[in-house]
Each structure stands twice: as C-alpha cells, then as structure tokens.
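See below for the structure under consideration.
The values are calculated or read from the model by the stated rules, or taken from the named source; none is laboratory data. All values derive from a computational prediction rather than experimental measurement. Every residue, glycine among them, receives a Cβ derived from its backbone with ideal geometry; neighbour counts consider all protein chains shown. Areas reflect the complete protein model, heavy atoms only, side chains present, ligands, DNA and RNA absent. Shrake-Rupley method; radii C 1.70, N 1.55, O 1.52, S 1.80 Å.
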Amino acid sequence: MKTKITLLLLVTITMTSCSKLWYWNDDDTIKGIELTDSNYIFEGDLYKYALEIRIDSLQNRAAYLKEIIGNNQGTPAIEKEFEETVSNLEEASETAETVVVFDDLAGALGRRNPIGPRPPKPSVIPVGLEYILTHQLYKVDLVITDDNGAELGKSEGNLYEVPGSNGMLMYKKIKITNSISDGTAISIERLNNLEQADSYSIQLEN
C-alpha cells in the first residue's frame, strides 16, 4: 500500500564533529570517496526529526481544540478538525516509530561510523555537502532551493551501496550548483522498500 505524507517544517540541522571516516573508490569514476564530518547527511535522522516536529505541532493543536470542545465552545467544524488532527497525530507517531536513525545502525555496522545530523543545534547545510546516506530506501531525491525557490543543488544518479556496510547503507551524490545561505530549504522525496512514499521540506536557518 502506498502512502504519502507532506511535511512543511522549520528545523535546524547540525553535523557532529569527527575525524576521517569511511573511504572507498567510486565505481563510476577514478575519484575516491571519503566520508567526513562535513560532506554528507543521513536521511533517516532528518526524517525522524521532521516527524517529531510534526508530532509536537499536532499535539499542541489537538490540546487546543480539545480545550475549546471541553469548554462547550465546539462547533461541528472544530470537532471535525479535532478528529482529523488526532488521526494525523496517530499516523505520524506510528511512522516515527519505524524510522531508523543512524544510531540504530552503529552496533550492527561494527566499525567506526559516520555520525549523522544532531538537531536541534543551530547550523546550516554541511560545508562541502556531497552525499546523502540512506537505509532501506528504494529511492530518494533531494532538491535544495533558496527562499525564492531557485535551485541551489540536487541529488543525482543512482543509489549505491556503501562498501563494508553489509547492505545497510546506500549513498547518492549531491551536486551543489550555487552557494547556500539563510532561508535555504531541502525538499526530500523518499520511497522505502515497502513502496511507501513520503515527502517533506525542511527550511534551514543560521
């Protein structure tokens, strides 16, 4: 069954500092690939954080509507919105429980691992961003735009397995075409191995 969730959120992203990480040769070019603390993002961490922000927003809205109804000020429209909000909250919570973040993979990978974003510390897109890492996704597409909607970068090519990850990690290249600044937004479309499609947008601030 295919489902689609759209999230429009204001979140902040940071990368945790560490030294040299994984290294391998790109099958398509002679260029070597080295994951550092500033050239990749892990999609699962972003997705989980986006869902958590959505859950907080839905919880606040549900509490507000419940209070109105409890004060005998509810209308049919308010009661309908409350029911829809509770349903959306349940769906988002169930989805969040299934999302694999990078910490979940650390032990299974059995080696020193790249460290994913650690929100909500303030930061911007990692300097020198080149790759997006995924887990159990059949497809992922990323587009970076400025506050006017002009494209600054996007993912390209296919998903490839990260050597040494036993099939648990895939990577896709990201090409940055213009400088990243305050107000930049990341839009991500994802399709997991159960053919469940989701999309969400994350706006970044300094």
Sorted by chain and number, the residues with a modelled amide H under 5 Å from that of residue 169, at a separation of 5 or more or across chains, are 162
Of 31/175; 48/175; 48/154, which sit over 18 Å apart, Cα to Cα?
48/175; 48/154
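Tell me, what is the FRET efficiency for residue 161 and residue 59 to the nearest 0.05, using R0 = 35 angstrom and their Cβ-Cβ distance as r? Please list the in-between numbers first.
Details: r = 38 Å, r/R0 = 1.08.
Efficiency at R0 = 35 Å is approximately 0.40.
How do 98-109, 63-74 rank on mean C-beta neighbours within 10 Å, highest first? Walk me through the numbers before you get to the answer.
Working: 98-109: 15.4, 63-74: 12.2.
In descending order of packing, they fall as 98-109, 63-74.
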Amide H contacts under 5 Å for residue 152, placed H, 5+ residues apart:
144, 145, 146
Using 1/(1 + (r/R0)^6) with R0 = 22 angstrom and r between the beta carbons of residue 38 and residue 189, what's the FRET efficiency to the nearest 0.05?
0.35
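To the nearest 0.05, how large is the calculated FRET efficiency for residue 104 and residue 78 if R₀ is 22 Å and r is the Cβ-Cβ distance?
Working: r = 39 Å, r/R0 = 1.78.
Efficiency, from the Cβ-Cβ distance: 0.05.
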Heavy atoms only, 1.4 Å probe, whole protein assembly: order 179, 38 by accessible area, highest first.
179, 38
Percentage, to the nearest whole number, of Cα pairs in segment 38-89 over 16 Å apart:
50 percent
